Amino acid sequence: AFAEIRPTLPALMEQASKELDADEATARQELGCDTDMADAGCEVAVRYNGFALRGFSPLTVFRTLAHGFAFAAHDPRVLGMSIVAPEDDPVALADYDLHMRMFRFLSEQFPTVKINPHAGELAPGLVPPTELRDHIAKAIAIAGAQRIGHGVDIAQEDNAAETLARMARDGIAVEINLTSNDVILGVSGARHPIELYRAAGVPIVLSTDDEGVLRSDLTGEYLRAATEHGLGYRALKDIARASLEYSFLPGDSLWGDGGIGGETVCSPFSTADAEPMQACRNLIAGSEKASEQWRLERAFADFESKVATWTF
């Protein structure tokens, strides 16, 4: 199937980039980005993660994944590929291993594309116990996942401890979707594995899943993390930092080898009226990731300077 698809890809990718250009231009116009009344959203760096829907025939899923991988390799605004939709769908369950092998094959054809499948978006009672045994582990071992979406059923997996240890060791982040997991799976509060991941040292990022379906937003996810799981400012700050560290943005990390939140050539961070030293300027000028991390740290510093009497 791939041999038939491949010759058609260059022209399709050029067309897809033009369509994305038009979509982004429309968004900027709607936000007034080139006017004196620009919306704050104009300053948000936007990148994309492609996806395929897992409930269709193998050929349809493969074609969608192949086009998505090709587009991510072609257009630098698209950083990775995922597979989404109800994981408990009969077709999705029956073809799960096949889908993971599709990821493996296509990642060999397009090695620069990041792998970010939704895996483990399941709960006891939704599927037979046998279906809870290994989806996350297979997404990592077979598909080569570099980030996992949802990961809700980790505690039910056969080798959960080994999988958690591998995620922590290899920096495979998990996207935590508190509202989505509550609404769709009925998993919330103490039943949610967020603390299990934290205890194992797995990188965590907060995500909304599908805002259009759930009417959620990222602020609400941080609020739920604080009110339902007791995460304080420092923990939420670490999660915000991780959201950029594991975002697939290209370039060197601001944190280098010192670990997130450690000393860097840009430390100490100060408010926006101070200029960084030359080594820091060089780093953020040459790295999209470091540049966005620098913006976040300056925002933290500015915020904390205004609430210095708080105990974090």
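The values are calculated or read from the model by the stated rules, or taken from the named source; none is laboratory data. In this text the structure is predicted, and so the values were computed from the model without any measurement. Cβ placement follows ideal geometry from the backbone for every residue including glycine, while neighbour counts extend to all protein chains displayed. Note: areas computed on protein heavy atoms with side chains; ligands, DNA, RNA excluded. Shrake-Rupley method; radii C 1.70, N 1.55, O 1.52, S 1.80 Å.
Things worth noting here:
- Answer from Asp182, Asp158 - the residue that is surrounded by fewer than 24 Cβ atoms within 10 Å (Cβ to Cβ) and touching a Lys or Arg at 6+ places or on another chain (Cβ under 7 Å): Asp158
- Every residue from the range 101-130 that is charged (D, E, K, R) and more than 19 Å from Pro58 (Cβ to Cβ): Lys114, Glu121
- Test: residue in the range 182-194 that is of a type in the set (S, T, N, Q) and farther than 26 Å from Ala168 by Cβ: no
- Some residue of the range 27-34 being in a loop (DSSP other than H, G, I, E, B) and at pLDDT below 95: yes
- Test for Ala173: is it farther than 21 Å from Ala235 by Cα, among the aliphatic types (A, V, I, L, M) and in contact with a strand residue (DSSP E or B) (Cβ under 7 Å, 6 or more places away or on another chain): no
- Pairs with Cβ under 7 Å, 6+ apart, first in the range 6-35 and open to solvent by 50 Å² or more (accessible area, probe 1.4 Å), second modelled with pLDDT under 95 and not charged (D, E, K, R): Leu31/Gly41
- Residue list for the range 192-215, filter: of a type in the set (S, T, N, Q) and open to solvent by less than 20 Å² (accessible area, probe 1.4 Å): Thr208
- Number of residues in the range 142-161 that are under 19 Å from Asp88 (Cα atoms) and either in a loop (DSSP other than H, G, I, E, B) or of a type in the set (Lys, Arg) (or both) equals 6.
Here is a yes/no grid of residues against (1) among the hydrophobic types (A, V, I, L, M, F, W, C); (2) closer than 17 Å to Ser243 by Cα; (3) at pLDDT 85 or above:
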| position | (1), (2), (3) |
| --- | --- |
| Ile260 | yes, yes, yes |
| Val265 | yes, no, yes |
| Ala272 | yes, no, no |
| Gln278 | no, no, yes |
| Arg281 | no, no, yes |
| Ala285 | yes, no, yes |
| Glu288 | no, yes, yes |
| Trp294 | yes, yes, yes |
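- Here is the figure for the range 42-74: residues that are open to solvent by 20 Å² or more (accessible area, probe 1.4 Å), in a helix (DSSP H, G or I) and at pLDDT 95 or above total 11.
- Residue match in the range 246-256 (condition: open to solvent by 60 Å² or more (accessible area, probe 1.4 Å) and either more than 17 Å from Ile176 (Cα to Cα) or among the charged types (D, E, K, R) (or both)): yes
- Filtered residues of the range 216-231 (kept if assigned to a loop (DSSP other than H, G, I, E, B) and at pLDDT 95 or above): Gly230, Leu231
- In summary, Met100 fulfils each of the numbered conditions (1) crowded, with 19+ Cβ neighbours inside 10 Å; (2) more than 19 Å from the chain's Cα centre (by Cα) with the single exception of condition (2).
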